[in-house]
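Below you'll find the structure, written out as structure tokens, and then a few comments.
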Amino acid sequence: MSDHEPHSATDASGSDVAHGFGPITRVGNAPPPGDDHSSDVHSADAHGGIGQYMLVFLALCGLTTMSFFTCSSYWPWRDQPQVGWAFMMAVSCTKALLVVLFFMHVFWEANWKYVLTIPAAMMAIFLCLMLVPDIGMRTRMVSQERVLHMARPSDVRLLEQAGESQLLVEPAAHQ
């Protein structure tokens, strides 16, 4: 018997029972004797089929449109960039959740997925919160030389005004 042939075992009655890719862990999931590929046929139906994947794809397209909406002139909080950032982060997290749950098949995994994902999510949140003081106080104690070359909010406003008033000429116009 080679490694590529299905292994068989003998049950209590003495007949051969073919096993699939592992032990049978749920009642009623045993393949019929001699049917080695029955688990492959039913695996696509067990995960919701193509209709569910198309719905998730349409949801991802809708969420992408929503995040693109934050850059349009119709966005009501255009003067508050923090609202747009928070909205785009929420949309991005939702899109990542959909991809992980459905396209990576985590939705259909056993309950051990919580043992892996909840501590990892808590650690990611903890690490992000630990970086907040570093980002918030990065300009508190710097050298004089660095202060001279540091970007200021007034510099950004001047560049935006220059771009709006067409003071900046494109390089192609100089030729």
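Readers should treat all values here as calculations from the given coordinates under stated rules, not as data from a laboratory. From a predicted model like this one, the values you see are computed outputs, not experimental measurements. When we count neighbours, we look across all protein chains shown, and the Cβ atoms used for this are built from the backbone with ideal geometry, even at glycine.
Between Thr65 and Ala124, the simple label model (points 7 Å from Cα in the Cβ direction) yields a spacing of 2.7 nm. Tell me the net charge near Phe87. Cut-off is 15 Å between Cβ atoms, Phe87 excluded, with +1 for each Lys or Arg and -1 for each Asp or Glu. Charge balance near Phe87 sits at +1.
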